[in-house]
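I have placed the structure first, in the form of structure tokens, so that the comments after it can refer back to it.
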Amino acid sequence: MSDTIENQPKQSMGIDPYEKNWMRLSALLLVVFAATITIGGFAMGFEVPGEDQEVDPRTVLDSPPWSEPGVREVSDGVFEAYVVAQTWAFVPREITLPLGAEVTINVTSPDLMHGMMVHETNLNMQIVPGQVSTLEYTFDKLGEFPYICHEYCGRGHEAMFGVINVVSAQEYEALTAGEETAAADSGDESADGGNGEEAGE
Ligand code: CUA
């Protein structure tokens, strides 16, 4: 009788070692998550848009720069893009940049939550109505960089896409020279009594 009791495995009064390991792992995970947020927020500067990036989604498209989305050169090789993500299209649908362009991409939505992900880059944003999402990127590779909405936004979600064309400096100059001529032409037309509608829409 006493033999049988001695042969049984010893009952520890503490926590089972197996359970203890899982507790250690859980605690470690919490530390890792907290460290990720701390490093991301304080060392790498990731943050949710502040008050200065808040807009009124009902009126945001009525005044510049959002009333005229597109890309403009702010200084030599430095660009600013304003992109409207709305049901169910990006405006503009095509952005052309010269090789090496440093661009700040600002995106907002006047309606639903959307997303914007640019292929072959680390540009990936969630677009929330009432806020402006902003990321910077330098395009140092020639080619087409398609962008898509990756936040399900309803019936036309799959139609929400566009493309960033990165062309050589020469090609870019030729293209923008053409645009300026076209703009000047349409300006002349409206001066001659045109109905004021934007060409190409
Ligand atoms: Cu917009 Cu999906």
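May I ask you to derive the relative contact order of the range 39-91, considering only C-alpha pairs under 8 Å and at least 6 residues apart, and to give it as an integer percent?
Result for the range 39-91 is 20 percent.
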| Relative contact order for the range 90-129 using alpha-carbon pairs under 8 Å, separation at least 6, rounded to a whole percent? | 34
| remark: For PHE46 the rounded accessible area (nearest 10 Å², probe 1.4 Å, non-protein molecules ignored) is 140
| said: Which order do the peptides 105-115, 58-68, 83-93, 22-32 come out in when sorted by mean C-beta neighbours inside 10 angstrom, highest first? | reply: 105-115, 83-93, 58-68, 22-32
| note | Charge tally for neighbours of VAL103 with beta carbon under 11 Å away, counting Lys, Arg as +1 and Asp, Glu as -1, is -3
| task | Calculate, for the range 1-139, the solvent-accessible area per residue in square angstrom, rolling a 1.4 angstrom probe over the heavy atoms of the protein chains. | result | 68
| task | At 1.4 Å probe size, with no ligands or nucleic acids counted, give the accessible surface of VAL48 in Å², nearest ten. | result | 120
| note | Here, GluC sites (Glu not before Pro) of the range 39-94 satisfying both criteria (DSSP loop; at most 16 other Cβ within 10 Å) are GLU47
| field | Cα-projected label distance for GLN53 with SER67, points at 7 Å along beta-carbon direction, nm | value | 2.5
| said: Contact order normalised by length for the range 64-121, with contacts defined as Cα pairs under 8 Å and 6 or more residues apart; what percent is it? | reply: 33
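The values are calculated or read from the model by the stated rules, or taken from the named source; none is laboratory data. If you're wondering where the values come from, they're calculated on a predicted model, not measured in any experiment. We place every Cβ from the backbone using ideal geometry, glycine too, and count neighbours over all the protein chains shown. Surface accessibility is based on the protein's heavy atoms, side chains included, excluding ligands, DNA and RNA. Shrake-Rupley method; radii C 1.70, N 1.55, O 1.52, S 1.80 Å.
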